[in-house]
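K.L.:
Attaching a single structure in structure tokens format; questions to follow.
The values are calculated or read from the model by the stated rules, or taken from the named source; none is laboratory data. Because the structure is predicted, anything quoted here is derived from the model rather than measured. Counting neighbours? That spans all protein chains shown, and the Cβs are built from the backbone with ideal geometry, glycine included. The accessibility values were calculated without ligands, DNA or RNA, using every heavy atom of the protein model including side chains. Shrake-Rupley method; radii C 1.70, N 1.55, O 1.52, S 1.80 Å.
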Amino acid sequence: MTGGSTTAFGWAWVAATLALALHIADEATHDFLAWYNPQPLRIRRFLGGFPFPPTFTFWPWLIGLSLAVLMLAVLIPQAYAGNSWLRVLAIVMGVEHVGNGLLHVGAGLMMRRAVPGIWSAPILLATGIWLLHSTLRP
């Protein structure tokens, strides 16, 4: 990465990290797990009891995601330094942000109501695209 692209990558990393924190707060304050947990239980029944996807309880879920955000925040100086090893993680994070944002928007459209996490989903989607763009551009 060159000087200008490392700065752009750093800003995209910061934005994606903050967007994830906002999204977690959005989900936590709108009872996301009460909406989410029945979905994997239905999928498990369909799969004959196969133990995937997971279900969660509130505090372990919130603490785990908060620690993930903290770890991403700790990596901000590395993003501004343009460390190439961070590109792989940035691609994973960008794809996760885009996929998660699309899932929330799609679920809201399918259910014709605001599902938990929908309000921050467009921000998650936009920052995921920005992160992918800043990571993958030459």
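K.L.:
Which order do Ser66, Ser134, Ser84 take by accessible area at a 1.4 Å probe, largest first?
P.N.:
Ser84, Ser66, Ser134
K.L.:
Angle check, please: helix 3-29 long axis (alpha carbons) against the longest principal axis of the chain (alpha carbons), in degrees 0 to 90, nearest 10.
P.N.:
Helix 3-29 and the main axis of the chain meet at about 20 degrees.
K.L.:
Compute the distribution of all C-alpha to C-alpha distances in the stretch 6-81, in bins of 5 Å from 0, and list the percent of pairs in each, rounded to whole numbers.
P.N.:
Pair shares across the bins are 3, 15, 18, 16, 14, 12, 10, 7, 3, 1.
K.L.:
Taking only protein heavy atoms into account and a 1.4 Å probe, give the accessible area per residue of the chain in Å².
P.N.:
57
K.L.:
Taking every eigenvalue of the Cα gyration tensor of the chain, multiplying by 5 and rooting it, what semi-axes result, largest first, whole Å?
P.N.:
Gyration-tensor ellipsoid for the chain: 30, 15, 14 Å.
K.L.:
How about the stretch 40-138: which chymotrypsin sites (Phe, Trp or Tyr not before Pro) there are in a DSSP loop, with at most 14 other Cβ atoms within 10 Å of their Cβ?
P.N.:
For chymotrypsin sites (Phe, Trp or Tyr not before Pro) across the stretch 40-138 that sit outside H, G, I, E and B with at most 14 neighbouring Cβ atoms in 10 Å, the list reads Trp85.
K.L.:
Expressed as cubic angstrom per residue, what is the convex hull volume of the alpha carbon set of the stretch 40-114?
P.N.:
In the stretch 40-114, the Cα hull volume divided by residue count equals 137 Å³.
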